[in-house]
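Here is the structure we will look at.
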Amino acid sequence: MLTLVPTPIGNLEDITLRALRVLREADIIACEDTRTSGILLRHYGINKPLTSFHLHNENEKTPTLLERLRHGENIAVISDAGTPGLSDPGWILLKRAQEEGLEVDVLPGPAALIPAVIMSGINPQPFMFLGFPPEKQGERDRLFMSLRDAKCTLCFYLSPHKAERHILSMIDVFGNRRASLVREVSKVFQEVIRSDLAGILERVKAGVKGELVLVVEGMTESVNNDSWRDEAEAMLREGKSVKDIVSELHDRVPKNELKSFLMTLRK
């Protein structure tokens, strides 16, 4: 049987009794980093064979693990922290096992996403989880454009060293919406920054570490206020430059939309 087992995202106490039992009963445990997982397993006195199973070797290791499942072995999959298969390895193996009719299960347990959505102070119902934004700017912009009019709350995982440019891309497309950055969920230095995208950008520029979840307000009536069009047109008639108008109104409307509107007026 294949079982995806969530592991603590910070506090080692954030693990279920059922998860510990499944790990103890496994014939082998597939994990992202054997050193990281070894700390958790030793803490709970679990001594089982480990095999590395991460995003860079998931396709390569899946056939071997499937063969062991066919022979009736119990395989547990864990990530360095949180729930496997959710922006972590495990989903491909699970899907292949399901397609073959092999027995699979996913245990409930720790994930940074749900605590972050609730702690954000932004309406959690409905929300959409998008994982990590694409690294290539073109793909990232296309994703954000497809989400610009979404009324649900948007949730992203961010890497500390990419957070600044990814938030800048959001501001360009979404405008300056209400947002919350939740850092290091369940860890000693857990922090919740409730502000707007511009405020969070300034915080990130000052330096940020750890695992990040960004929660962004969806399109609302206040976000979709069209009064900026009249103001932009008036400022253009007064002789202000496109650059100055964008600087004054970018916190209320996506820069790309504002620039396009102004260029159309000038023509």
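A short reminder: the numbers here are calculations on the coordinates, not readings from a lab. These numbers were taken from a predicted model, which means no experiment stands behind them. Because the Cβ atoms are built from the backbone with ideal geometry, glycine has one as well, and the counts that use them run over all protein chains shown.
Within the chain, what percent of beta bridges assigned by DSSP are antiparallel, to the nearest 5?
50
With the cut-off at 1.5 for a/c, could you classify the stretch 227-266 from its C-alpha gyration tensor as rounded, prolate or oblate?
It comes out rounded by the Cα gyration axes.
Could you give the alpha-carbon Rg of the stretch 113-216 over 2.2 N^0.38 Å, rounded to two decimals?
For the stretch 113-216, the normalised Cα radius of gyration is 0.97.
Please return the longest stretch of the chain lacking exposed loop sites, where chymotrypsin sites (Phe, Trp or Tyr not before Pro) count only if DSSP places them in a loop and at most 13 other Cβ atoms lie within 10 Å.
Between exposed loop sites, the widest span is 45-188.
Return VAL173, VAL192 ranked ascending by Cβ neighbour count within 10 Å, so the fewest neighbours appear first.
Listed from fewest to most nearby Cβ atoms, that is VAL192, VAL173.
Before anything else, pin down the relative contact order of the chain: Cα pairs under 8 Å, at least 6 apart, normalised by residue count, whole percent.
Reported as a whole number, the value is 18 percent.
Where in the chain are the helices, taken as whole DSSP H runs, whose Cα atoms extend 18 angstrom or more along the long axis and whose Kyte-Doolittle mean reaches at least -0.5?
none
At q = 0.11, 0.12 Å⁻¹, what log₁₀ I(q)/I(0) does the chain have when each alpha carbon counts as one equal point scatterer in the Debye sum?
Those come out to -0.71, -0.80, one per q.
On alpha carbon coordinates alone, what is the Rg over Rh value for the stretch 2-106, Rh being the Kirkwood radius?
0.93
Mind checking the stretch 93-179 for trypsin sites (Lys or Arg not before Pro) that DSSP puts in a loop (not H, G, I, E or B) and that have at most 15 other Cβ atoms within 10 Å?
Passing sites in the stretch 93-179 are LYS136, LYS151, LYS162.
Based on other C-beta atoms within 10 Å, arrange THR16, THR264 from fewest to most.
Taking fewest neighbouring Cβ atoms as first place, the list is THR264, THR16.
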